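The values are calculated or read from the model by the stated rules, or taken from the named source; none is laboratory data. The shown structure was predicted, so the numbers you read here are calculated from the model rather than taken from an experiment. No Cβ is skipped: glycine too gets one built from the backbone with ideal geometry, and neighbour counts run over all protein chains shown.
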Amino acid sequence: MACQFNTGELVTLDDLDPYIQDALDLIDFANAPANGLWENGAPGWSHPAPFNLKMIGVGNEQWGPQYIERYEIFAKVLKDKHPEIALITSAGPSPDGGAFRLFVVQTPRTKG
């Protein structure tokens, strides 16, 4: 989802796979050993030890049903492949109000 204040552009639900793969690749890069896949595929990008990534954010000040639909797809794949990673969600640009309450009420809690 692009910034909802500016454009509101959306990727269709059927076209989320490359974005989900980007998140999976980020986790793999951050937590891979120094001689892992990323060293071979991107010389100079290695790190001496895994970063021990424990959390990843899905969204940035997004809200509403369209965000929730997309978040749930990300959450299922990420939790299936990396249950050790906690997912950080968005609940809109404000700490209260309708958008915040909508997300808190409609989104199932996942442990991680």
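For residue 108, the test of being loosely packed, with under 12 Cβ neighbours inside 10 Å, part of a loop (DSSP other than H, G, I, E, B), at pLDDT 90 or above and at negative phi is failed. Among the residues of the range 13-30, is any at pLDDT below 85, surrounded by 15 or more Cβ atoms within 10 Å (Cβ to Cβ) and in a loop (DSSP other than H, G, I, E, B)? Scanning the range 13-30, I find no residue that is at pLDDT below 85, surrounded by 15 or more Cβ atoms within 10 Å (Cβ to Cβ) and in a loop (DSSP other than H, G, I, E, B), so the answer is no. Please tell me if residue 96 is surrounded by fewer than 17 Cβ atoms within 10 Å (Cβ to Cβ) and either at pLDDT below 85 or in contact with a Phe, Trp or Tyr (Cβ under 7 Å, 6 or more places away or on another chain) (or both). For residue 96, the condition - surrounded by fewer than 17 Cβ atoms within 10 Å (Cβ to Cβ) and either at pLDDT below 85 or in contact with a Phe, Trp or Tyr (Cβ under 7 Å, 6 or more places away or on another chain) (or both) - is met.
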